[in-house]
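Student: Before I ask anything, let me first share the structure, which is written out below as structure tokens.
The values are calculated or read from the model by the stated rules, or taken from the named source; none is laboratory data. Because the structure is predicted, anything quoted here is derived from the model rather than measured. Glycine also receives a Cβ, built like all others from the backbone with ideal geometry; neighbour counts cover every protein chain displayed.
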Ligand code: AMP
């Protein structure tokens, strides 16, 4: 069975085609500059990458082009679109009602449209991406896999903010959590490695966006992310958690509008804001190695916050069986893993520095030092495959 996974952004549409029987990714790619001049990169393992600049006036044009590529004799890997059994769509936010992956019908889409006010950036493009795909593939199931759904089992004391309760009732202000599909995937893999589905696992998804999740019995019990993906640890350009009064003080003192303030904490903060160099961790590391003190400080702040959250989740879980690093920084930056795990022996966390330094890219590895109580892993995330697995399961039930 072939499953197509689609992740639509405001000017992009990423896709991956999977052969589920063989557990293989057949092709993947990214349509960029949708609504502008259009650009696509299409990759199939073992073949040369394909690049083109077709016109993409909208998501509909982009998905039409992608289906053309997927069925192309030379560039594709299927004979016809009819081979695609179902499409899995990534949604960042499912509000309070989309609590699990589901086949998308009119009700689900109406609900997703109703929560655009709390998901203004990611909601509209994901809905247009879905509509475009549904139009060209109307007769197969389209499944929505929602990042927030992993957090739908959080207890009220973990998701209600200590502000007037009426604001939760009226405006749905609460902690939702994000990156759930990635955390669910790597926590599931860690539970498999431990041979214990009830394990207490702390997963650190550290990339351009970063978050940490506590999982127990296969369910998330807390997340560093909040009402939006702005909370928690510092990120490429996002500040992460701040004293909320910093925001109101700045607005008053600098005369900033709400939009300007959002741009400041979302787009000009984090690694970029502190280092003044880049939002990309590799550039910040390089600058720090050359003696740039603010770059070194940016990395120290990141490590400091990651440690703090690991410690708080350890307390919340009353221990941990595993600590997992994933995503761009978590999978590749051995220095960061070393620094985060340093001086954590009181919690039973310690890694073997040689194994950490030699950890091969893109592969699962166990870093645990001899005798450490908490097992530490690097597990490459694969959100698209997780979406494909949910889509396969729901498409089979929908028959
Ligand atoms: P992601 O959002 O998961 O794609 O992760 C992007 C982040 O991973 C960027 O900050 C990259 O600089 C970082 N990253 C990728 N490779 C490395 C590496 N080898 N060392 C440090 N950071 C890396």
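Student: Of the numbered conditions (1) surrounded by fewer than 24 Cβ atoms within 10 Å (Cβ to Cβ); (2) within 20 Å of residue 376 (Cβ to Cβ), residue 162 satisfies every one except a single condition; which is it?
Tutor: Condition (2) is where residue 162 drops out.
Student: While we're on this one: Listed residues 339, 383; which is within 14 Å of the ligand (Cβ to nearest atom), at pLDDT 95 or above, surrounded by 20 or more Cβ atoms within 10 Å (Cβ to Cβ) and within 25 Å of the chain's Cα centre (by Cα)?
Tutor: 383
Student: Tell me, which residue of the stretch 1-17 that is more than 23 Å from residue 82 (Cβ to Cβ) and over 15 Å from the mean Cα position of the chain (by Cα) is surrounded by the most Cβ atoms within 10 Å (Cβ to Cβ)?
Tutor: 12
Student: Further question: All but one of (1) out of contact with any strand residue (DSSP E or B) (no Cβ under 7 Å at 6 or more places or on another chain); (2) within 20 Å of residue 130 (Cβ to Cβ); (3) part of a loop (DSSP other than H, G, I, E, B) hold for residue 68; which doesn't?
Tutor: (3)
Student: Right, residue 301: within 19 Å of the chain's Cα centre (by Cα), more than 10 Å from the ligand (Cβ to nearest atom) and either under 13 Å from residue 210 (Cβ atoms) or modelled with pLDDT under 95 (or both) or not?
Tutor: In short, no.
Student: If residue 182 passes every condition in (1) in a loop (DSSP other than H, G, I, E, B); (2) in contact (Cβ under 8 Å) with a residue 40 or more places away in the chain but one, which one does it miss?
Tutor: Status for residue 182: all satisfied but (1).
Student: From the residues in the stretch 342-366 that are within 16 Å of the ligand (Cβ to nearest atom) and crowded, with 19+ Cβ neighbours inside 10 Å, which one is modelled with the lowest pLDDT?
Tutor: 359
Student: Quick one: which strands (runs of 3 or more DSSP E) lie wholly within the stretch 196-243 and hold at least 3 residues that are within 16 Å of the ligand (Cβ to nearest atom) and touching a strand residue (DSSP E or B) at 6+ places or on another chain (Cβ under 9 Å)?
Tutor: In the stretch 196-243, 201-206, 210-216 are the strands (runs of 3 or more DSSP E) which contain 3 or more residues that are within 16 Å of the ligand (Cβ to nearest atom) and touching a strand residue (DSSP E or B) at 6+ places or on another chain (Cβ under 9 Å).
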